[in-house]
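Structure, as structure tokens:
Every number in this text was worked out from the coordinates using simple rules, so none of it is lab data. Here the structure is a predicted model, which means the values were calculated and not measured. Virtual Cβ from ideal backbone geometry, glycine too; neighbours counted across all protein chains shown.
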Amino acid sequence: MREDKARIDCSTFQKQESMIKDITAKINQARGVLEKARFAEELQKEINVLLSCQDYDDKGLDCNNCHFIANLHKKTANLIIKTRKLA
């Protein structure tokens with residue numbers, strides 16, 4: 001069965017989303033909290049590229065979807081980084 005996925009038509013998003021997926025996989029494979037937090041900091045840098053995009057158009061659907069997804073990733077990365085303080 002073929003799964004159709006929504007696609008954000010933006011080269012910046014496509015490039016960053018690929019990098020974000022790679023880093024997320026590293027976070028998921030990391031064993032310790034400190035290692036996960038280190039990858040989460042790397043993830044934040046890639047997310048910030050999306051959130052500071054010079055081509056951002058607040059009226060564009062793709063841009064709004066991109067920022068929504070980036071903000072979800074950012075919240076997740078922040079939570080992982082905060083767990084470092086508990087370790």
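Computed values, structure above
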| item | result |
| --- | --- |
| Loop sites in the chain: GluC sites (Glu not before Pro), DSSP, at most 11 other Cβ within 10 Å | GLU3 |
| Structure-based [θ]222 nm, the chain - -39500 (n - 2.57) summed over DSSP H runs of at least 4, per residue, nearest 500 | -25500 deg cm²/dmol |
| Per-peptide average of other Cβ atoms within 10 Å, ordering 70-80, 22-32 highest first | 70-80, 22-32 |
| Spin-label pair ARG7/ASN71, simplified geometry with 7 Å Cα→Cβ offset, distance in nm | 2.6 |
| Eligible lysines near LYS59 by straight Cα distance, threshold 29 Å, same-chain separation 8 or greater | LYS5, LYS15, LYS21, LYS45, LYS74, LYS75 |
| Two-decimal Rg to Rh for the range 12-86 - Kirkwood Rh, Cα set | 1.02 |
